[in-house]
Amino acid sequence: NDTDDSNFMPSQLLRDSFIVTLLDFSILVGHLEMDGSGHARIVVDRDNLNIPEYLESQSDVHFQALQASKFSWDALPRGVATTGSVTRAGADGTIKLANIHVVR
């Protein structure tokens, strides 16, 4: 956003686009379950979707500062995890197969 346009990537449009994307990646709305042999599987239940959490927060750190630091963890706002290789529980206690956190 080189022009500091306040309408850059409107929050609702970004969130709506994410929801539409879930249509192509429906596995992300499934639940992890153990089968009878002890193997984990993902089950998508149309009546009980496990919608990924979608969070948005503000940051005082400018993108240029993040870029200059080569996106070092130390330059990111405290407590922000932009990616991870392990699933985690959402606010409702359910393991989410995707967690989205947009930091502006």
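Pairing each residue of the stretch 1-25 that is at pLDDT 90 or above with any residue that is assigned to a helix (DSSP H, G or I) and open to solvent by less than 70 Å² (accessible area, probe 1.4 Å), provided the two are 6+ apart or on different chains, yields C-beta distances under 8 Å for 22/28; 22/29. If you go through the stretch 22-36 one residue at a time, do you hit one that is touching a strand residue (DSSP E or B) at 6+ places or on another chain (Cβ under 9 Å) and open to solvent by 100 Å² or more (accessible area, probe 1.4 Å)? Scanning the stretch 22-36 turns up at least one residue that is touching a strand residue (DSSP E or B) at 6+ places or on another chain (Cβ under 9 Å) and open to solvent by 100 Å² or more (accessible area, probe 1.4 Å). Regarding residue 99, is this residue under 16 Å from the mean Cα position of the chain (by Cα), polar (S, T, N, Q) and open to solvent by less than 90 Å² (accessible area, probe 1.4 Å)? Against the criterion (under 16 Å from the mean Cα position of the chain (by Cα), polar (S, T, N, Q) and open to solvent by less than 90 Å² (accessible area, probe 1.4 Å)), residue 99 qualifies.
Residues that are basic (Lys, Arg) and at pLDDT 85 or above within the stretch 78-104 comprise just one, 96.
Look through the stretch 37-58, keep the residues that are surrounded by 10 or more Cβ atoms within 10 Å (Cβ to Cβ) and aliphatic (A, V, I, L, M), and return whichever of them is nearest to residue 80 (Cα to Cα). Here the answer is 55. Screening 68, 75 for residues that are of a type in the set (A, V, I, L, M), modelled with pLDDT of 85 or more and either in contact with a Ser or Thr (Cβ under 8 Å, 6 or more places away or on another chain) or over 22 Å from residue 18 (Cα atoms) (or both) leaves exactly one candidate, 68.
The values are calculated or read from the model by the stated rules, or taken from the named source; none is laboratory data. Keep in mind it's a predicted model, so treat the numbers as computed, not measured. A quick note on method: Cβ atoms are made from the backbone with ideal geometry, for glycine too, and the neighbour counts reach across all protein chains shown. These area figures cover heavy atoms from the full protein model, side chains too; ligands, DNA and RNA do not enter into them. Shrake-Rupley method; radii C 1.70, N 1.55, O 1.52, S 1.80 Å.
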